[in-house]
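Before any comments, here is the structure.
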Amino acid sequence: MVRLLLLTLGWLLTNFVGCGQSVDCSTIGFEEGSFQGWERWTGKMSPYIFPLYYKLEPGSNYLRDGQPGHIITNLSDGYDPNVREKISVVAPGSQHSVRIGDLEPGGYIAQLRTTSVVPTEKPLLRYQFAVVLQNPNHQPDHQPGFSLVIRTVNGDTISCGSYEAIATNQTAGFTYQQDDNLFERLLYRDWTAHVLDLRAYAGQSLSLEVTAHDCVEGGHFGYAYFDMQCLEVSPEAISVCTEQGSFIQLAAPVGFDRHRWSTGDTTATILVRPQPGDTYWVDVESRSVLNPACTTTLRLTYQVNQFPIPTTRQVTLCAGESYHLGDSTYTKSGTYRNVFSRPPLCDSIIITELTVLPIVRSTQQVTLCQGSQLVVGDSTYRTTGTYETRIHRAAPLCDSLVTTHLVISQLNSNPLRDTLVMQGDSIQLIASNFIGTGYVYSWSPKDGLSCPSCAKTWAKPAQTTQYQVTINDPAINCNTSYNLNVAVIPCALAIPNAFTPNGDGLNDTFSVIINPCRGRLRQLTIYNRWGQVVFHQTITSVSDKLLEWDGTYLGVLAHTGVYSYQLTVESTTGNVSSHSGALTLIH
């Protein structure tokens, strides 16, 4: 009673700050993984704080070392680390709970507070806790402890709304951990549940306060795990309003220790085959292990509504598609039955006859020439490879899946080079630098060609002409084309006006070329500036068409300067003419 008085006085003092937050049934049990609606308080225990042994301040972390005094626990967190018996850190049937206090000594106190309006539809409150305390054998009001208090707005503790445990040998329901130090023996209580009947407080606001603390001297720890849940005051039909003649399962609310149904069953759930309008009841009892006088006993009733008529649907899908109905997803042909709960109305039953049509699959082998492209559905392919293309088709048709093995072929070739020819001469055009056999050639224009369909052909163009050769490979039905420009040099003498006999291979000689249409060269004489002959050449053969001076005189390279020349030409009619001019020799 001393401990409870101290904690009560502490609550009254700190309550001047006000319990500003509130919870409802959706957040009272921390199932959202948060402290929504709960106030968190932490403080320091000490025998030197007057008039109480502790002081609380808002916040979740202890001021001295910053450790959290409140932690949301998850199923994946496993078991308590200090108790060798496996005690889950989450209450049975929950996804999350809360740990109040930390795992180490330090003289700390942690508290959770909130207010909640008791809902008419769920006026039963189920609370669960597990407690871990060290027993240092201090005087009782200095020991680690845990407490739970539920009060009205006037500050009055409701009937059966309080519980307190401190670490002493007389603490009922706790177990000693064997082989612990005699002065630090660990006491623990596994998850304990109790249901409070709050129907008398329906619509009223109640305050809840949960506290765990270390010993006052600060050398021994105490902490607890806690959870809450709102419950309805009627059985739950797990399969509601099923077809007439079939079974339904009724389940009493969780948290009760004893059950007695109108059918005589004493289990938490029963199977019945009802008629419309049938009523079932169950007497439930939650025996408080904390206080035998706080046992909760209720009679809960359930009435069967009318039975539904199943609705049948016929659905057709294509392979790879899914049909969603409620929380169910179907991908295979078959007949499926779904029941949809509509409290307080009867369930809806939908029977789905699902047919899944296969996708039409096809494979094609395609060879294209380089530069070509293949269009399949919405896709375009230009390189060699294997491709899968889905071709979408409007319902009720299913998509097609086309697998394409594409090969892009090309002719192995080198480009042709432009060339020139003297007017009246012929020139050979060659396209045989293509690597491969069986090619078909086609030249254009064909006029003046010796063989328009050969890899090599002679051309005698009258004027500059662009020829095109098209090469076809019948084996892959691919074509490629190249252009070749043949420039025709007019019927004239080609006489340079300078040359550089320096041995670099470029313009090393003074060369005179005559187009056969002008006749032939007969004689070339070159003079220096004093009129001295430095070069003389006469052509006697009709096949010679070139007069050429290498820039030397008497075997020695002539000096840089301007030289004059005289050239004799015999025309195709036998007439002889002379041409003179100047040329420059540059070293």
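Convex hull volume of the C-alpha atoms in the stretch 345-486, normalised per residue: 160 Å³.
Please give the FRET efficiency for Thr560 paired with Ser442, using the beta carbon to beta carbon distance and R0 = 56 Å, rounded to the nearest 0.05. In this case the efficiency is close to 0.55.
Normalised Debye scattering of the stretch 502-586 at q = 0.18 Å⁻¹ gives log10 I(q)/I(0) of -0.80, counting only Cα atoms as equal scatterers and leaving out solvent.
Solvent exposure of the chain amounts to 52 Å² per residue of accessible area, where only protein heavy atoms count and the probe is 1.4 Å.
Look at the dipole of the stretch 270-385 built from charges on Cβ: of Leu290, Pro358, Thr383, the Cα furthest out on the positive end belongs to Thr383. Pairwise Cα distances in the stretch 449-523 exceed 20 Å for 59 percent of all pairs. Taking the Kirkwood radius as Rh and the Cα radius of gyration as Rg, the stretch 116-218 has a ratio of Rg/Rh equal to 1.07.
Apolar share of the accessible surface for the stretch 501-549: 50 percent from carbon plus sulfur atoms, 1.4 Å probe. Assuming R0 = 41 Å, can you tell me the calculated FRET efficiency for the pair Ile49 and Thr267, based on Cβ-Cβ distance, to the nearest 0.05? Working from the Cβ atoms, E equals 0.20. Per-residue SASA remark: Phe146, around 0 Å² accessible (1.4 Å probe; ligands, DNA and RNA not included).
In this simple spin-label approximation, Ala582 and Ser26 carry label points 7 Å from Cα along the Cα→Cβ vector, and these lie 10.9 nm apart.
Bridgeable lysines around Lys446 (alpha carbons under 22 Å apart, same-chain partners fewer than 8 residues away excluded): Lys456, Lys460. Taking label points 7 Å from Cα along the Cα-to-Cβ direction, Asn497 and Phe247 give a separation of 11.9 nm. The calculated P(r) of the stretch 315-380, using every Cα pair and 10 Å bins from 0, goes 16, 30, 18, 15, 11, 7, 3, 0 in percent. Straightening the chain between Glu353 and Ile513 buys 48.0 nm, computed as 0.36 nm per residue apart minus the Cα-Cα spacing.
Using the Cβ-Cβ distance between Ser76 and Glu217 with R0 set to 41 Å, the FRET efficiency from 1/(1 + (r/R0)^6) comes to roughly 0.70. What is the sum of charges around Ser207, taking Lys and Arg as +1, Asp and Glu as -1, for the other residues whose C-beta is under 10 Å from the C-beta of Ser207? Residues close to Ser207 contribute a combined charge of +1. Sorting the segments 107-117, 132-142 by their mean number of nearby beta carbons within 10 angstrom, highest to lowest, gives 107-117, 132-142. Model label sites at Arg287 and Glu104, defined 7 Å from Cα along the beta-carbon direction, differ in position by 4.3 nm.
The order of the peptides 216-222, 42-48 by mean Cβ neighbours within 10 Å, most packed first, is 216-222, 42-48.
All C-alpha to C-alpha distances of the stretch 118-176, sorted into 10 Å bins beginning at zero, yield P(r) values of 18, 40, 27, 13, 2 percent in whole numbers. Within the assembled protein chains, the solvent-accessible surface assigned to Asp197 is about 60 Å², based on a 1.4 Å probe. Once the gyration tensor of the Cα atoms in the stretch 439-587 is diagonalised, the equivalent ellipsoid follows with semi-axes of 43, 19, 12 Å, ordered largest first. Dipole size of the stretch 125-198 about its Cα centre, with +1 on Lys/Arg Cβ and -1 on Asp/Glu Cβ: approximately 160 debye, rounded to the nearest 20. Over all orientations, the chain has a Cα convex hull whose mean projected area works out to 59.3 square nanometres. For the stretch 39-135, place one equal point scatterer on every Cα, skip the solvent, and apply the Debye formula. What is log10 of I(q)/I(0) at q = 0.11, 0.23 Å⁻¹? Scattering profile of the stretch 39-135, log10 relative to I(0): -0.42, -1.26.
The values are calculated or read from the model by the stated rules, or taken from the named source; none is laboratory data. Since the model is a prediction, treat every value here as computed from it, not as a measurement. Cβ coordinates were reconstructed from backbone atoms using ideal geometry, including for glycine residues, and neighbour counts include every protein chain displayed. Ligands, DNA and RNA are stripped out before the accessible areas are found, and what is left, the full protein with its side chains, is counted by its heavy atoms. Shrake-Rupley method; radii C 1.70, N 1.55, O 1.52, S 1.80 Å.
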